[in-house]
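Everything on this sheet refers to the single structure shown next.
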Amino acid sequence: MSCSLANNKPLSIRFSADSSAIVFSEIDPAGLWQIKNGLNTDTVHTDLVAVLETPADEDTSGMEHPVAGKLEVTDSTLVFKPEKSFVRGKNYLIVSFMNTNFAGTSKLIRGKLDHSVKPQQVMLKR
């Protein structure tokens, strides 16, 4: 799902203008269509995006904490809205499997195929 080669643009992951949500854009159209048609019926979509609050520098536990929220689909984006507001000054690790693939043409030619899909990870600071 959403692992097509049709879209060569990288996935865009950013905060919304008011920093109340995380917006995913430049999603492969075939993948976005699958998300729209299965978001409320397929539990696989819950693993499509993970939002984790990273520990502060003074936090010795070193553990990331998942941020609870829900996904909403618009005409061209996927939006993650947290249950509790994002905290100013905190870092959030976003992990997404959208627009990923096992291997591009260059990896195929070089013989460097992966055995698993590698997620895209982005660190956002509120």
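The values are calculated or read from the model by the stated rules, or taken from the named source; none is laboratory data. These numbers were taken from a predicted model, which means no experiment stands behind them. Cβ atoms come from the backbone with ideal geometry, glycine included; neighbour counts cover every protein chain shown.
Below are the figures for this structure:
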| read-out | value |
| --- | --- |
| All positions within the stretch 2-47 that are touching a helix residue (DSSP H, G or I) at 6+ places or on another chain (Cβ under 8 Å) and at pLDDT below 85 | Ser2, Cys3, Ser4, Ala6, Asn7, Ile35, Gly38, Leu39, Val44, His45 |
| Filter result for Ala50 (within 17 Å of the chain's Cα centre (by Cα), at pLDDT 85 or above and surrounded by 10 or more Cβ atoms within 10 Å (Cβ to Cβ)) | yes |
